[in-house]
1. State the percent of C-alpha pairs, over all pairs in the stretch 128-202, separated by a distance greater than 16 angstrom.
2. Can you work out ³J(HN,Hα) from phi for every residue in the stretch 182-196, in order, using Karplus 6.51 cos²θ - 1.76 cosθ + 1.60 and θ = phi - 60°, giving whole Hz and x for Gly and Pro?
3. If you average the alpha carbon positions of the stretch 31-110 and of the stretch 154-198, how far apart do those two centres end up, in angstrom?
4. Ranked highest first by the average count of other Cβ atoms within 10 Å around their residues, in what order do 151-157, 194-200 fall?
5. For the chain, what does the helix formula give at 222 nm: sum of -39500 (n - 2.57) over DSSP H segments with n ≥ 4, over the residue count, nearest 500 deg cm²/dmol?
6. What residue among LEU145, LEU159, LEU100 has the largest mean-square fluctuation in a Gaussian network model of the chain, using Cα springs under 10 Å?
7. Where does each of 176-182, 137-143, 40-46 land if you order them by average Cβ count within 10 Å, highest first?
8. Over all directions, how big on average is the projection of the convex hull of the alpha-carbon atoms in the chain, in square nanometres?
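Nothing in this text is a laboratory measurement; each read-out follows from the coordinates by a stated rule. Source: prediction; values computed, not measured. All Cβ positions, even for glycine, are placed from backbone atoms using ideal geometry, and neighbour counts span all protein chains on display.
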Amino acid sequence: MAGVGADLEPGTILHAYRSGLFPMPLGTGGPLGWWSPDPRGVLPLDGLRVSRSLRRSCARFRCTVDLAFGKVIATCANLERDGGWISPEIVASYTELHRLGWAHSVEVWSADDELVGGLYGLGIGGLFAGESMFHFAPDASKVALVHLVGVLRNGGATLLDVQWRTEHLATLGVVEIPQTDYLRRLNEAIVLAVEPFRDIAPGSPV
């Protein structure tokens, strides 16, 4: 952890991400912490691993971008899971960042148009910092990540930050890099003029 305190105003959060930090409260009702893991988990945009079964799952679902940000972040916040950290203040702050065009979501829908998976995060230039994901159907969060990578590659992004590498994310190609390497890549990414965060045409997963 790099620090404690400060606020969740849009300018504060954007400055933090540009500096390699992200906010996460210290426990339920605890003070706001600012984190910069070393090593850092990233998913190389050319290193996504899509198994045969995941490709089949991609074909079963429909994905959208920024269609239901409020539902996605609310669902991520309401999940009963260990380490839950998305407070009402976080929800309010990132919802405002979404309104301002900085925070984005990917939604995964079933054949009967039920929201069964999704993720949200923050985009600055060529950086996308993933914050949280969820699934109610097998592979739905993985499908959201596959779609996100397609959107980022299509738009010219260069850095997908997932904060920490987990065994689950490692199966999809997430690796760890030293903080110094991350900060170098971050500084290169945030100054890029990339295409707006927008959906890609339906097709094969990347």
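1. Details: 1545 of 2775 pairs.
Tail of the P(r) past 16 Å holds 56 percent of the pairs.
2. Each residue's phi maps through the Karplus curve to give 4, 5, 5, 5, 4, 4, 6, 6, 5, 8, 6, 9, 9, 5, x Hz.
3. 14
4. Numbers: 151-157: 18.7, 194-200: 14.4.
The packing order, highest mean first, is 151-157, 194-200.
5. On the way: 7 runs with 71 residues, N = 206.
Calculated at 222 nm, the ellipticity per residue is -10000 deg cm²/dmol.
6. LEU100
7. Values: 176-182: 14.7, 137-143: 21.0, 40-46: 19.1.
Peptide ranking by packing, descending: 137-143, 40-46, 176-182.
8. With the hull built on Cα positions only, its mean projection is 10.5 nm².
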